[in-house]
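Below: the structure, in structure tokens.
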Amino acid sequence: AICLFSKHLPAMDWARMARAVKKLGFGGIDLTVRPGGHVLPERAAEDLPKAAAAIRAEGLSLPMITTALTSAHDPTAKPILSTAGKLSIPFFKPGYYKYSFADVRGELQKAMNDFRSLTDVSKQSGVQCGFHNHEGYVGAQLWDVAQTIDQLDPKWVGYYFDVRHAVAEGGGAGWKIALNLIAPRIKMIAVKDSYWEKSSKGWRQVNCPLGQGMVDWKAYFKALRQANFQGPISLHLEYEIPGATTAAQEENTLAAAQRDFEFLKAQLQGAYQGV
């Protein structure tokens, strides 16, 4: 399913969001189950079934949830994941692990110990985990986490590959190396774009609509096709979208989602035609 990341429609309730997303032609929703999200972590056992029912009532799928979970020690980890398992939500994205750059070896080891404990809970719950590569965090280039993830059960643990962050971290060839390294274990993907911009304060990453940034979409989807990727695709709209009121913001967000959705469909059709 091509899903819309629910983060971008924060003021919409579950049913209204589902209706709006369905109208655009999406097949599903990537639902935030994290602080400030569409389902609050401490209310997952009560509210996630209601959210899932509202989304599925519109004929949409709910193939993944996005969480802030980083360890089994989080008291909300078991309620969130066990509820997702009971609802047959197949995938989840954990939270992020940060380097403090004081002792990166030790920081990496702690992060991977915490991650490993979280995947034990997800396996027990029947929900597959996809590690998200995010610029600037542990796993940004995937080399640091691959050795640990290689040792975990591929049925339950893999990757949530984000090409925007991979290109930002990997330049011309690094993102291709990272993708090739983990391609057989990609569970789901995030779709977004960006470019480098030099300002008076120095270089920075600028998020932008699909096709306006540095991502080589043709090469990317060709590689995914060769890897036989068939998992959920989550569309993100991380760039600035104007709107003086909540209603205007929502209207402009939906228009941006429609534009990027059409671009994404064209790229997928070009890569997967005949498959």
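Quick one: putting +1 on the C-beta of Lys and Arg, -1 on the C-beta of Asp and Glu, what dipole do you get for the range 22-78 around its Cα centre, in Debye to the nearest 20?
180
Note on TYR160: accessible area is roughly 0 Å² with a 1.4 Å probe, heavy atoms of protein only.
Of the residues GLY211, GLY202, GLY170, the one that moves most in a GNM of the chain with alpha-carbon contacts below 10 Å is GLY202. Helix-only arithmetic for the chain: the sum of -39500 (n - 2.57) across DSSP H runs with n ≥ 4, divided by the residue total, places the mean residue ellipticity at 222 nm at -14000 deg cm²/dmol. Put the Cα centre of the range 239-275 next to the Cα centre of the range 1-60 and the gap is 17 Å.
In the set (1) 1.14; (2) 0.91; (3) 0.97, the label that goes with Cα Rg over 2.2 N^0.38 Å computed for this structure is (3). Of the residues LYS198, LYS265, LYS93, the one that moves most in a GNM of the chain with alpha-carbon contacts below 10 Å is LYS198.
Of the residues SER88, SER61, SER234, which exhibits the maximal mean-square fluctuation in a Gaussian network model of the chain defined by a 10 Å Cα contact cut-off? It is SER88. Expressed to the nearest 5 percent, the antiparallel share of DSSP beta bridges inside the chain is 20 percent.
Solvent-accessible surface of the chain, taken per residue with a 1.4 Å probe and all protein chains present: 46 Å². In this structure, the pairs whose alpha-carbon distance is over 25 Å, taken from LYS23/LYS218; LYS78/LYS265; LYS78/LYS155, are LYS23/LYS218; LYS78/LYS265. Surface composition of the range 1-134: carbon plus sulfur atoms hold 54% of the accessible area, using a 1.4 angstrom probe and ignoring ligands, DNA and RNA. Looking at the range 130-206, send over the antiparallel percent of its DSSP beta bridges, to the nearest 5. Around 40 percent of the beta bridges assigned by DSSP in the range 130-206 are antiparallel ones.
Site pair ALA57 and ARG259 shows an inter-label distance of 3.3 nm when each label is modelled 7 Å from Cα along Cα→Cβ.
Take every pair of alpha-carbon atoms less than 8 Å apart whose residues are at least six positions apart; their mean separation over the length of the chain yields a relative contact order of 16 percent. Along the axis of the charge dipole computed for the chain (Cβ charges of +1 for Lys and Arg, -1 for Asp and Glu, origin at the Cα centre), the listed residues ASN113, ILE177, HIS8 are led at the positive end by ILE177.
The values are calculated or read from the model by the stated rules, or taken from the named source; none is laboratory data. Because the structure is predicted, anything quoted here is derived from the model rather than measured. When we count neighbours, we look across all protein chains shown, and the Cβ atoms used for this are built from the backbone with ideal geometry, even at glycine. Keep in mind that these areas ignore ligands, DNA and RNA; they rest on the heavy atoms of the full protein, side chains included. Shrake-Rupley method; radii C 1.70, N 1.55, O 1.52, S 1.80 Å.
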